[in-house]
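K.L.:
Would you mind keeping the following structure in view while I ask a few things?
No lab work stands behind these numbers, since they all come straight from the coordinates. Because the structure is a prediction, the values reported are computed rather than measured. Every residue, glycine as well, gets a Cβ built from its backbone with ideal geometry; the counts of neighbours run over all protein chains shown.
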Amino acid sequence: MLAKALQRTVAKICLTLVLSVAMAVLFFHVISQPFQVSGSSMNPTLSDRDYLLVDKFFLRGKDLRIGDLVIFQTEKDARYLVKRVAASEGDVVSIRDGKLCVNGQESPFTRDARDVLEGHGERWTVPPGHFFLLGDNLELSKDSRSFGPVPLDRVVGRVIFRYLPLKEARWFLEEPDSGPRPEERAGERSPS
């Protein structure tokens with residue numbers, strides 16, 4: 001009698017372990033995925049070596065909002081980068097007098113960063129199914145200003161949570177903000 005009870009307990013424990021591992025694999029490879037930030041192109045919002053949890057499963061192109069942080073894979077060298085959505089399909093992005101404008105309006109992501117925006121007259125029309133992505137640290141960021149709009153099929157997912165370092169842990173599920181505040185931009189000139 002005791003042997004059968006022990007067998008049932010061991011079977012339940014094994015089943016629980018197998019289901020737990022299966023759920024973890026499903027969660028971390030299908031629904032979401034952890035990523036580590038490399039470089040300082042997203043300072044001050046994200047820092048080098050921050051760990052992020054990215055929503056892969058529920059991402060739909062129509063669900064991406066201006067201001068969302070996304071992970072995407074570059075076409076040229078297949079690296080994973082994190083950037084902010086600054087414009088979406090149909091938007092016209094231009095640099096005029098050191099200002100990045102979207103549909104003729106100055107982008108909230110580049111205010112007080114005029115000294116790092118070069119070019120005059122550069123213009124992109126974001127094609128269907130594409131997004132114009134910017135790093136928060138405009139001086140050091142390689143982003144859509146250098147490689148153009150990014151197709152949705154290169155977007156891996158939306159950043160939903162920073163879990164390391166623990167003291168900086170935060171959710172990114174609320175309404176996207178308009179990027180770092182001007183006082184956060186001051187002095188952000190560290191190398192990528």
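K.L.:
Compute the length gained on full extension between Leu164 and Ala5: take 0.36 nm times their separation in residues and subtract their Cα-Cα distance, giving the result in nm to one decimal.
P.N.:
Working: separation 159, 0.36 × 159 = 57.24 nm, distance 4.26 nm.
Here the answer is 53.0 nm.
K.L.:
Would you list Phe131, Phe58 from fewest to most Cβ contacts within 10 Å?
P.N.:
Fewest to most other Cβ atoms nearby, the residues stand as Phe58, Phe131.
K.L.:
What's the exposure ranking of Ile13, Ile95, going from fewest to most Cβ atoms within 10 Å? Mind showing how you got there, number by number?
P.N.:
Working: Ile13 10, Ile95 19.
Fewest-to-most ranking of Ile13, Ile95: Ile13, Ile95.
K.L.:
So between Glu75 and Trp171, what do we pick up on full extension, going 0.36 nm a residue minus the alpha carbon distance?
P.N.:
Numbers: separation 96, 0.36 × 96 = 34.56 nm, distance 2.84 nm.
Extending this stretch completely gives an extra 31.7 nm.
K.L.:
Treat each spin label as a single point 7 Å out from the Cα along the C-beta direction, and report the Gln36 to Arg96 distance in nm.
P.N.:
About 4.4 nm separates the two model spin labels.
K.L.:
Related question: Which order results if Lys167, Lys56, Lys4 are arranged by neighbouring Cβ count within 10 Å, fewest first? Kindly include the intermediate steps, with their values, before the conclusion.
P.N.:
On the way: Lys167 5, Lys56 16, Lys4 8.
Arranged by neighbour count, lowest to highest, Lys167, Lys56, Lys4 become Lys167, Lys4, Lys56.
K.L.:
In terms of Cα to Cα distance under 27 Å, which lysines are near enough to Lys76, apart from those fewer than 8 places away along the same chain?
P.N.:
The reachable lysines, counting only those whose Cα sits under 27 Å from Lys76, are Lys56, Lys62, Lys142.
K.L.:
Also, quick follow-up: Between Lys56 and Thr125, what's the calculated FRET efficiency when r is the beta-carbon distance and R0 is 35 Å? Round to 0.05.
P.N.:
On the way: r = 28 Å, r/R0 = 0.81.
E(calc), rounded to 0.05, equals 0.80.
K.L.:
Taking 0.36 nm per residue of sequence separation and subtracting the Cα-Cα distance, how much length would be gained by fully extending the chain between Lys142 and Gln105, in nm to one decimal? Before the final figure, lay out the partial values.
P.N.:
Values: separation 37, 0.36 × 37 = 13.32 nm, distance 2.24 nm.
Here the segment from Lys142 to Gln105 would lengthen by 11.1 nm.
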